[in-house]
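**Q** Take this structure, written in structure tokens, and hold onto it; I'll ask about it next.
The values are calculated or read from the model by the stated rules, or taken from the named source; none is laboratory data. Because the structure is a prediction, the values reported are computed rather than measured. Counting neighbours? That spans all protein chains shown, and the Cβs are built from the backbone with ideal geometry, glycine included. Quick note on the areas: whole protein, heavy atoms, side chains included, nothing else; ligands and nucleic acids left out. Shrake-Rupley method; radii C 1.70, N 1.55, O 1.52, S 1.80 Å.
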Amino acid sequence: MNKIETKFFDFSSVKDITYSQLSQHYTLYTNYVNTMPKIYDAMKNENLYNNCNSNFSEVRNIQNSLSFNLDGVKLHELYFGNLTGLNTKPNGKILELINSYFKSYDNFKKQFKCIGMSMRGWVVLCYDAFTNSIYIYGQDSHNTQIMMNTFPLIVLDVYEHAYMIDFGIKKNRYIDVFFNNLDFNVINNRLNLLFE
């Protein structure tokens, strides 16, 4: 198993989101990373598996902590990774897919934004290997409303901590700024990984 370590993200090209907002958000991400070794250590304790109870048990608590923190790491890395402020003109295979499934890029943005406004945690455009299609789904937290056998392509954090310092309660403005900073080279590279 690879060790989970914090990744560096260069926020210098991100426009209209302050360094304070981004750096405090990044600190929250590092907390998820730093929690993972504690969870993995706890899972190695053989005594843990002596009480297997769905109402209340340490196994249940640790499994919930595992999915919440590990998904928190993954989602934040995907979010920061596609938020660069570079290569922001929609292009390539991802644009072809969006136009094919959503009829236009503007229609895709409208739906993506609406789902983002409606959720408390995340909105994700993903490729679904089960149906061989792309679609948008929302999550209220890191480990809820997960769609199995999917690959995330565009990831937006809509938790309040992602925007409140800069935007207050204007989540709609934050989502617009996110789209202005979305790196389509990163997204196309993610898509290319699926078809290598």
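**Q** Can you work out the accessible area per residue across the chain, with the rest of the protein chains kept in place, probe 1.4 Å, in square angstrom?
**A** I get 55 Å² per residue for the chain.
**Q** For the chain, what does -39500 (n - 2.57) per DSSP helix run (n ≥ 4), summed and divided by total residues, give at 222 nm, in deg cm²/dmol to the nearest 500?
**A** One gets -16500 deg cm²/dmol as the mean residue ellipticity at 222 nm.
**Q** Also, I was wondering about something else. If the stretch 114-189 were replaced by its equivalent ellipsoid, with semi-axes equal to the square roots of 5 times the Cα gyration tensor eigenvalues, what would those be, largest first, whole Å?
**A** 23, 15, 9
**Q** Trypsin sites (Lys or Arg not before Pro) within the stretch 86-141: which are DSSP loop residues with at most 14 other Cβ atoms inside 10 Å? Write out the running numbers ahead of the final one.
**A** Details: sites: Lys93, Lys103, Lys109, Lys110, Lys113, Arg120; in loops: Lys103, Arg120.
Qualifying residues, ordered by number: Lys103, Arg120.
**Q** Could you sort out which of Lys44/Lys113; Lys74/Lys171; Lys44/Lys93; Lys38/Lys170 sit more than 32 Å apart by Cα distance in this structure? Show your work: numbers first, answer last.
**A** Numbers: Lys44/Lys113 42 Å; Lys74/Lys171 22 Å; Lys44/Lys93 43 Å; Lys38/Lys170 36 Å.
Those over the limit are Lys44/Lys113; Lys44/Lys93; Lys38/Lys170.
**Q** Further question: Could you sort 37-44, 161-168 so that the peptide with the highest average Cβ count within 10 Å comes first and the rest follow in order?
**A** Result, highest mean first: 161-168, 37-44.
**Q** Of all the C-alpha pairs in the chain, what % are more than 32 Å from each other? Write out the running numbers ahead of the final one.
**A** Details: 3756 of 19110 pairs.
That fraction is 20 percent.
**Q** About the Cα centre, and with charges only on the beta carbon of Lys, Arg (+1) and Asp, Glu (-1), how big is the dipole of the chain? Nearest 20 debye, please.
**A** Dipole size: approximately 380 debye.
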